Amino acid sequence: MNTPLNAPQSPPLLPARLAGLVGILPQWPPSAVLCAGLNLLFLPTLDADTKQRLTGRIVSIQVSDAGLDGRIRLTPVGFLPVLRSAPEVTIRACAWDYYRLARRLEDPDTLFFSRRLTIDGDTELGLLIKNALDAIDWSRLTGRLEPVIARLRRMAEGRGTRRQP
């Protein structure tokens, strides 16, 4: 079957075995890893007003193809994991789309309007986070993380078949 040239392509999903292993993790480890990354890369870029507006708010970052749900809250000491609390906003996409967003290969609005990135809950909080993320210079991710990023990219691009969500 031929696909029209302008038809949107579905993003590659994580391999089923990897997604199955990651998906059985308790909520705390991915939340802690997410917090460490945000404290290192995101927190230093936030202005005082944005920090104040984010402090105490519970955000869920979900990786749909991995079954991950990282819940976080900004505190006076930085981002910390949150367990057993309902998020005020949930941001959801597959791992590949998060990668493309982080590398600025994809625009968040494009993903949002194609329903590959969803924001549920407090819309104002979701927009605050989106705008703060848009202001980050993601080129700082290169260097030590580049081999990891390259391997993840090869894994995602090398998939011949897709795992159904």
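Any read-out appearing in this document is the output of simple, stated calculations on the displayed coordinates, not a laboratory observation. Everything quoted here is computed from the prediction, not taken from an experiment. For neighbour counting, all protein chains shown are included, and Cβ atoms are generated from backbone atoms with ideal geometry for every residue, glycine included.
Just to be sure, is Leu41 outside any strand (DSSP E or B) and either among the β-branched types (Val, Ile, Thr) or closer than 23 Å to Asn131 by Cα (or both)? Taking the combined requirement at face value, the residue satisfies it.
For segment 43-73, the tally of residues that are in contact (Cβ under 8 Å) with a residue 24 or more places away in the chain and over 16 Å from the mean Cα position of the chain (by Cα) stands at 6. For segment 26-56, a residue qualifies if it is among the hydroxyl-bearing types (Ser, Thr, Tyr) and within 17 Å of Ala102 (Cβ to Cβ), and exactly one does: Thr45.
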